[in-house]
Amino acid sequence: MSELQDTARRLLDEGLVQVVIGWEEGPRGARPVFVTSAADCERLIFDARCVHNLATFLNPRRSQITALGKAAVVVKGCDAKAVAGLLREAQLERAGIVLIGVRCGGVAGEPATLAPPALSAETVSARCWGCDVREPESVDMLVGEAQPEPPVTADLDERVAALDALSPAERFAFWTKELSRCTQCYACRQACPLCCCERCIVEKTEPQWIETSPHPRGNFAWHLTRAQHLAGRCVGCGECERACPVGIPLGLINRKLQQVVYELYGYTVSEDPAVPAPIGAYATDDTQDFIE
Amino acid sequence: MSRIGVFICHCGENIARTVDCGAVAEALREHPGVVVAEDYKYMCSDPGQQLIKKAIADNDLTGVVVCACSPHMHEKTFRRAAAQAGLNPFVVEMANIREHCSWIHDDRGEATAKAIDTARTIVEKVKHNKPLQTIRIPVTKRALVIGGGIAGIQAALDIADGGHEVVLVEKEASIGGHMSQLSETFPTLDCSQCILTPRMVEAYQHPRIKLYTWSEVEKVDGYIGNFSVTIRRKARSVDEDLCNGCGDCQAACPSRRIDSEFDAGLSRRPAIYTPFPQAVPNMPVLDREHCTLFKGRRKGLAKDACGKCKETCLKGAIDYDGQDTFVTEEIGAIVVATGFQLYDIGREQPAGLKGYGEYGYGEVPDVIDGLQFERLASASGPTGGEMLRPSDGAEPKTVVFVKCVGSRDPEKGMSYCSKICCMYTAKHTMLYKHKVHDGRAVVFYMDIRAAGKGYDEFSRRAIEEDGAEYIRGRVSRIFRDGDKVKVWGYDTLSHRQVVVDADMVVLATAVRPQPGIGELAQKLSVSYDQDGFLNEAHPKLRPVETNTAGVYLAGACQAPRDIPESVAMAGATAAKVLGLFSADELERDPSVALVDERTCIGCFNCEHVCPYGAIEHRDVCDMEGHVCGHVAYVNPGVCQGCGTCVAVCPSKSVELAGFTDDQVYAEINALAGW
Amino acid sequence: MSVVNQPQRSGERAPDDSGRATAEFEPRITAFVCNWCTYTGADLAGTSRLHMASNVRIIRLPCTGRIDHVFIVKAFERGADGVIVSGCHPADCHYTAGNYHARRRFGVFRELLSFLGVDPERLTFSWVSASEGGKWADVVNETIERVRRLGPFDSYHGLAGAATPADDPFARFEMPAGATGGTAAAPADGHDAASQAPSGTGDAS
């Protein structure tokens, strides 16, 4: 902890950055914090409650944050992959940010607690299943102690497989029910580090491709589009699902598409911005079993 | 408010037989926004077109839908008619009720219903059509030809003879390319130099050709008709205006042990040299890498270690202090003719390629490649045309020729056929037998590919008249055995091992693109295949064009090519260039993409998918003029209107004129009530 | 026969779609095709007088690269029972690579639709070249037959009108019985409900 605070303090003291984006203790667990003075660095924490993907705050259109000056951001594995996504899509310049990597052994499924929970199969977040990044590699500095693998938890792949095993009509019924709760509040979009458009397609009115009235038809269009736009870009940080006020299991859709881009194109989301995203690239011998 | 006219063609009986054209007109008359709907026997006939023109004038139409045949058939006809009536041609669309309806359906009710749906769909689209203007781009009528081999020379001459200026850039000190190294050429066995040198001189002296030798393309900006090309003129150390080509400097140079590139390493040259006696321009270049003076300077010697050439030169043309200079040329079209290199099997291989250590090339002096054999056979070569082997200068009595060394061998990294080797190996056996009458020429081959005018006859002649022994099979090992070169091979026709005690071995090594082709391709935004050959725009219909408008390909930079093919391609590129230069302005279809800068976030997904390199980066400035971001900009001169960028734009900030989201949405929506 | 005798095909259709799910169900298919290969191939089918069913409505686009997934979504919303996307064969694209990009996008989107319960049988992706009029006729007829067997896509068309399920709005992900049963990773006590429901009290039963 003090290592993280010291690092942040040094960066601010030496004027290398003007703001450090990290987490602090909040009234309901950890919360993001923007530290602009060395004196405040003691507020910085990192533990299993630090679920928020801080790359979200690097969206260059968040002008109130960019106005603070050059930022250092504390990143765990999923945040680092999201930063890579922003770099890949020319939303950031690597030299314009400092990345403080934290060693991460998984985060809590229910982070709104006053003390960090001990991670177990019951308490760990589903997002951590299969995560292979204990130490982000693309960072400028790395802090924290070596971490164990996250506990084995509810297998997201099994839940996806269970849905896959259903008939299309049953899946349709399942998702109709799930998506019927959607109010199109777009919390999923706001929480997503890679949904960083100036004007989302859902806000384009001429033409209005996606019906914004929150009935299941508009909701299907919205969630199909959100998922398609994130295919091959989603880092699996799970923040969209956590942000959803009506508990739609968006993680299932994201996980499904991660499987699809891997199975079809051998792609896994990478911390290296030089690796091109799978959609927008192609190989002449791509699979085309589905094409007549 | 839209005022659409709908015109339904009977096409004689072609449409009317299965579609009730009157009912279509009747139904469309009721459609919102349609002010007139008429049917007529032949809408494309003069009276039919008059009907449309009159309706446009009478009803002040804002859009026209012609329900008739395929737009591929008559869209131009009706757009032209509308333009004559004062309507923008791009608000005219066709509903295909013939090929896609009356001709493929039997049931009159079904066909009529489908025709009505189709017409309504297109009416809804046309409500969103915008008047468009044909894009006009000024054209700089000046061509750049990259590469001064036979293809480049021919392209430059054809374009210059067509009346336009040409800039010809050659990276070596002389133009001529590989053809100048050849002894005689197939299938006529005429002397290569004799047919090439006049062309070289013609190119040099042509009033409209500006020649830059010892130069390379550094940077290419702009687009078709408007390229700005920066050329690096490498320091020659010889003043081109002062030098008279007397050759005294070369005689004076004390460094004389440098491998001659022109003789493929079979002879030596001085550090200041003219590549070959017929070089154009006939002017030496100082090889700074091997020059004693420059070696000394690199070591930091206080005093120049040599200076003989400068002392000798009566014209004072030698300049040791010259640096690379850069010139920028304004160019309208670019012909790439960078040619090939031979697969150098003896040296370290680039990534993905494997060498042939088992063939002894580079270790056994009497194992040579095809170009070296050309030099041995050439009257201007190191042996003066006598057939003498490199190791001891003896006349080789048995020569083995191995074809497909590297080519057609995915294991070595090249799966393609190098195409020219079958012919030149046949030629080599003939040249050899003509010089060494009692010699034995043994050829190991996989297949004999002699497709071309007079080609098969030629290779038959090598076997039947000149007695070359062709053995179908591969060679496993070549090694030195005393003063012989032992060749282990296998005859796959008689299934026996073959061992030849040869005096010399000639390897027909694969044809590969020039080194550095990848960098050049990137400068030109031209794609290349897995082997590094540049990609043509369409393998059948656009073989000399590339996907970058205004960039054309001639010769072996595109694939292995022989001389007649290279010359033909060069002529084809010249025809394309002259066509482009025939008008002052280039007219482009206005169906191009346009970025909404207000909502573009500069993720450049569009740039990744654009096959034409039409996407540019534009700075966005804040109110104080500081750059605060980047957005995509589609260069309308380069865009070809595929719309791939539109589909990958997450925020829908790109539109494709003629196929906008509004238009497609309206079409899909129009089908709702069907 | 006049058009007015075909109200169920050309006129306004009944809002409740009643009668569509009968033996005579005629599927509505929207086809998004590229201008250079498939549209021209369909033209050839016409000039060759290859007769085919009339259920397909073609929307012409320059290239499959232009075809956005929202077109498909919108087509289903607007009453299509099936969708065809067709363009140039690999290496034949008029624009060299639009079809390759489309192939990737739709390879993914097809899986996504399927995962959300849209039967992939309702979607046809095909390469039809300008010389394959016969193949186009086959694609059309086969798609129609396949979708005819599936029946009308009223479940999607009716989504906007569907009543919100009466269940507890916070009801959580229901695993089908036995789907994950018996694994240590997914305890049968509704682990995912506990971990995800905002209230933390979701009841999976």
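Bear in mind these aren't lab numbers, they're just calculated from the coordinates by the rules spelled out. Keep in mind that what you see is a predicted model, and the values were worked out from it rather than measured. No Cβ is skipped: glycine too gets one built from the backbone with ideal geometry, and neighbour counts run over all protein chains shown.
A few comments on the model shown:
- Calculated on alpha-carbon atoms, Rg and Dmax of the range A:2-143 in Å: 14.5, 43
- Largest-first principal axis extents of the Cα set of the range B:248-312 (Å): 38, 23, 16
- Among B:428-439, C:82-93, the order from most to least packed when residues are scored by Cβ within 10 Å on average: C:82-93, B:428-439
- Loop trypsin sites (Lys or Arg not before Pro), the range B:564-660, which have at most 15 other Cβ atoms in a 10 Å radius of their Cβ (DSSP): B:Arg598
- Semi-axis lengths, Å, the range B:261-364, gyration tensor of Cα atoms, sqrt of 5 times eigenvalues: 32, 24, 16
- Database remark: amide H of A:Val98 closer than 5 angstrom to the amide H of A:Ala71, A:Ala72, A:Val73 (H placed geometrically; neighbours at sequence offset of 5 or more, or on other chains; Pro and chain starts carry no H).
- For the range B:22-42 versus the range A:147-197, the gap between their alpha-carbon centres in whole angstrom: 50 Å
- Rounded if a/c under 1.5, otherwise prolate or oblate - the range B:505-611, Cα gyration tensor axes: oblate
- The range B:1-122, relative contact order [Cα under 8 Å, separation at least 6], %: 32 percent
- Our coupling estimate for the range B:517-532, obtained by passing each phi through the Karplus curve with A = 6.51, B = -1.76, C = 1.60 and θ = phi - 60°, is 5, x, 5, 4, 4, 5, 4, 9, 6, 9, 7, 9, 8, 4, 8, x Hz, Gly and Pro reported as x.
- Whole-number Å³ per residue for the convex hull built on Cα positions in the range B:111-257: 255 Å³
- The residues packed around A:Ala67, meaning those with a beta-carbon under 13 Å from its beta-carbon, carry a net charge of +2 if Lys and Arg are +1 and Asp and Glu are -1.
- In a DSSP loop and with at most 11 other Cβ atoms within 10 Å, the trypsin sites (Lys or Arg not before Pro) in the range B:437-491 are B:Lys453.
- For B:Gly222, residues with placed amide H under 5 Å, excluding near neighbours: B:Ser228
- Rounded to whole numbers, the Karplus 3J(HN,Hα) couplings from phi for the range B:558-566 are 9, 4, x, 9, 8, 5, x, 5, 4 Hz, using 6.51 cos²θ - 1.76 cosθ + 1.60 with θ = phi - 60°, and x at Gly and Pro.
- Among the residues of C:44-54, the average count of other protein chain beta-carbon atoms within 10 Å of the residue beta-carbon is 5.
- For C:83-92, mean number of other protein chain Cβ atoms within 10 Å: 2
- Kirkwood Rh and Cα Rg combined as Rg/Rh, the range B:341-512: 0.93
- Size-normalised alpha-carbon gyration radius of chain A, reference 2.2 N^0.38 Å: 1.02
- Mean separation of Cα contacts under 8 Å (6+ apart) over length of chain A, as relative contact order %: 17 percent
- Shape descriptor for the range A:156-265: Rg over Rh equals 0.95 (Cα atoms; Rh from the Kirkwood inverse mean 1/r).
- Rg and Dmax of the range B:429-566, Cα atoms only, in Å: 19.9, 58
- The listed peptides A:35-43, B:124-132, ordered by packing as a protection proxy, come out as B:124-132, A:35-43 (highest mean of other Cβ atoms within 10 Å first).
- Plainly put, the range B:589-657 has a radius of gyration that is 0.98 times its Kirkwood radius, both from alpha-carbon atoms, as the Rg/Rh ratio.
- C-alpha center-to-center spacing [the range C:68-91, the range C:132-148] in angstrom: 15 Å
- Projected onto planes of every orientation and averaged, the convex hull of the alpha-carbon atoms in the range C:26-159 covers 7.1 nm².
- In percent, rounded to a whole number, the relative contact order of chain B is 13, using alpha-carbon pairs under 8 Å and six or more apart.
- Here chain B is treated with +1 on each Lys and Arg Cβ and -1 on each Asp and Glu Cβ, and its dipole about the Cα centre works out to around 1120 debye.
- Two numbers describe the Cα atoms of the protein assembly as shown: Rg and Dmax, which are 35.8, 104 Å.
- Seen against the Cα atoms of chain A and their longest principal axis, helix A:250-265 is set at about 80 degrees.
- In this label model, C:Asn141 and A:Arg199 are separated by 4.8 nm, measuring between points 7 Å along each Cα→Cβ vector.
- Our coupling estimate for the range B:32-49, obtained by passing each phi through the Karplus curve with A = 6.51, B = -1.76, C = 1.60 and θ = phi - 60°, is x, x, 8, 9, 8, 9, 10, 10, 7, 4, 10, 5, 7, 6, 4, x, x, 5 Hz, Gly and Pro reported as x.
- Rounded Å value of the spacing that divides the Cα centres of the range A:214-246 and the range A:73-144: 21 Å
- The calculated 222 nm mean residue ellipticity attributable to helices in chain B amounts to -8000 deg cm²/dmol, summing -39500 (n - 2.57) over DSSP H runs of n ≥ 4 and dividing by all residues.
- Restricting the range B:363-470 to GluC sites (Glu not before Pro) in coil, as DSSP defines it, with at most 14 other Cβ within 10 Å: B:Glu363, B:Glu386, B:Glu465
- Non-local Lys pairs in the range B:121-258, i.e. 8 or more apart or on different chains, that have alpha carbons under 18 Å apart: 6
- Working note: Debye formula, equal point scatterers on the alpha-carbon atoms of the range A:1-72, no solvent; log10 I(q)/I(0) at q = 0.14, 0.22 Å⁻¹ is -0.40, -0.97.
- For B:Asp319, the residues whose modelled amide H falls within less than 5 Å of its own, excluding neighbours fewer than 5 places apart on the same chain, are B:Val238, B:Asp239.
- For the peptides B:527-539, C:30-42, residues were scored by their other Cβ atoms within 10 Å and the scores averaged per peptide; the highest-first order is C:30-42, B:527-539.
- Sum of side-chain charges, B:His495 neighbourhood, beta-carbon under 14 Å (Lys, Arg +1; Asp, Glu -1): +2
- Solvent-free Debye calculation, one equal scatterer per alpha-carbon of chain B: log10 I(q)/I(0) at 0.05, 0.06, 0.07, 0.08 Å⁻¹ equals -0.37, -0.51, -0.65, -0.78.
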